[in-house]
Amino acid sequence: MARMTMIEAIRSAMDVSMGRDDDVVVFGEDVGFFGGVFRCTHGLQQKYGMSRCFDAPISEAGIVGTAIGMAAYGLKPCVEIQFADYMYPAYDQIVSEAARLRYRSAGDFTCPMVIRMPTGGGIFGGQTHSQSPEALFTHVSGLKTIVPSNPYDAKGLLIAAIEDPDPVIFLEPKRLYNGPFDGHHDRPVTAWSKHELAEVPEGHYTVPLGKAVTRREGSAVTILAYGTMVHVALAAAEDTGIDAEIIDLRTLVPLDLEAIIASVQKTGRCIVLHEATLTSGFGGELAALVQEHCFYHLEAPVMRVTGWDTPYPHAQEWDYFPGPARLGQALLDIMEAR
């Protein structure tokens, strides 16, 4: 079995899907000849031709609008928005057209499209290249939202997304593209080649949408995380020695509520961890669900560890990034809370 980086796994997912189905097309800014700003589409144009993988003008509304038309026609576009921060000009198309097409047509039309977007910080991208806008999509009925944490999941989830009959937002934590990042920015990053979840089948397989996975068994506290924060949670649990159970949500919509409930009922404590800003972040929804379904099992209030309510700073990136030190303190606090 091959070992792949996140970039290679995402590329492999598109390659496998394009090879299996002529209706799958890939396009976006610089994704054709250049192979994408992060090289996720490298080689696809050469293999499948300019009609299947091609460059688009610098117009996010145009990219998404064209993809919606293709999807309604019967194609399966997988488009790239160069950074998640750039999706705002296309937000109306995503919300008002892609997400509503099945509903407004009473099922006569569907919108089988995927919008791939690099997300999150950790690369000194500053305020316009580091945002985590997942809550803007989870709020919209008709969209599915995915955030993988490793190459194996990234490939399986992306293939499942491409094969899904409805629009899927596929957010790729850019800090994970070349290796798992545990939040210790002052330490060398371990390459994916040394990580077991970098073992990726070369052919077709899927990871089902709406199924979380337990990355670490524990009995003291549940940490709910996704994307880069899964690795931060693992580091914080190791650093503090607290017996934390870590749930990798993988997909935010649909959400594996059963896995969340089972874990929190077992541990009695819960911390929600994400990189996005605190106010109206997806962690608020998770905290509400835990309170609603696990109230009589909770031994302490649900805590959130997140980014701050400010634009992502360039010079103070590691003060903003919710790393293992901040999460570690929250773990200590929640264990003392009554």
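The values are calculated or read from the model by the stated rules, or taken from the named source; none is laboratory data. Everything numeric here is computed off the predicted structure, so don't read it as measured data. Note: ideal-geometry Cβ built from the backbone for every residue, glycine included; neighbour counts use all protein chains shown. Ligands, DNA and RNA are stripped out before the accessible areas are found, and what is left, the full protein with its side chains, is counted by its heavy atoms. Shrake-Rupley method; radii C 1.70, N 1.55, O 1.52, S 1.80 Å.
Things to note:
- Label-point separation in nm, Asp55 to Asp108, each point 7 Å along Cα→Cβ: 3.9 nm
- Peptides 202-213, 93-104 ranked from most to least packed give 93-104, 202-213, packing being the mean of other C-beta atoms within 10 angstrom over each peptide's residues.
- Converting phi to 3J(HN,Hα) with the Karplus coefficients 6.51, -1.76 and 1.60 and the offset θ = phi - 60°, the range 9-14 yields 5, 5, 4, 4, 4, 5 Hz in sequence order, with x at every glycine or proline.
- Long-range amide H partners of Val253 with built H, under 5 Å: Thr145
- In order along the range 276-290, the Karplus-derived 3J(HN,Hα) couplings, from 6.51 cos²θ - 1.76 cosθ + 1.60 at θ = phi - 60°, round to 5, 4, 5, 5, 6, x, 4, x, x, 5, 4, 4, 5, 5, 5 Hz, and Gly and Pro are given as x.
- Annotation: amide H of Ile223 within the under-5 Å range of Glu245, Ile246, Ile247, Ile271, sequence separation 5 or more or interchain, hydrogens built in the peptide plane.
- Carbon/sulfur fraction of accessible area - the chain, other protein chains in place, 1.4 Å, %: 53 percent
- Label positions at Leu278 and Gln127, each projected 7 Å from the Cα along the C-beta direction, are separated by 1.9 nm.
- DSSP-defined beta bridges in the chain - what % are antiparallel, rounded to 5: 20 percent
- Surface per residue (accessible, 1.4 Å probe) for the chain, Å²: 41 Å²
- Given their separation in residues at 0.36 nm each and the Cα-Cα distance between them, Gln291 and Asp21 gain 92.8 nm when the chain is fully extended.
- Taking 0.36 nm per residue of sequence separation and removing the Cα-Cα distance, the Lys47/Ser141 pair yields an extension gain of 30.2 nm.
- Placing unit charges on the Cβ atoms of the charged side chains and taking the dipole of the range 1-113 about its Cα centre, the candidate lying farthest along the positive direction among Ser59, His42, Met18 is Met18.
- Of the peptides 81-91, 229-239, the order by per-residue mean of other Cβ atoms within 10 Å, starting with the highest, comes out as 229-239, 81-91.
- Taking the chain and dividing mean pair separation by its residue count, relative contact order in percent (alpha carbons under 8 Å, at least six apart): 17 percent
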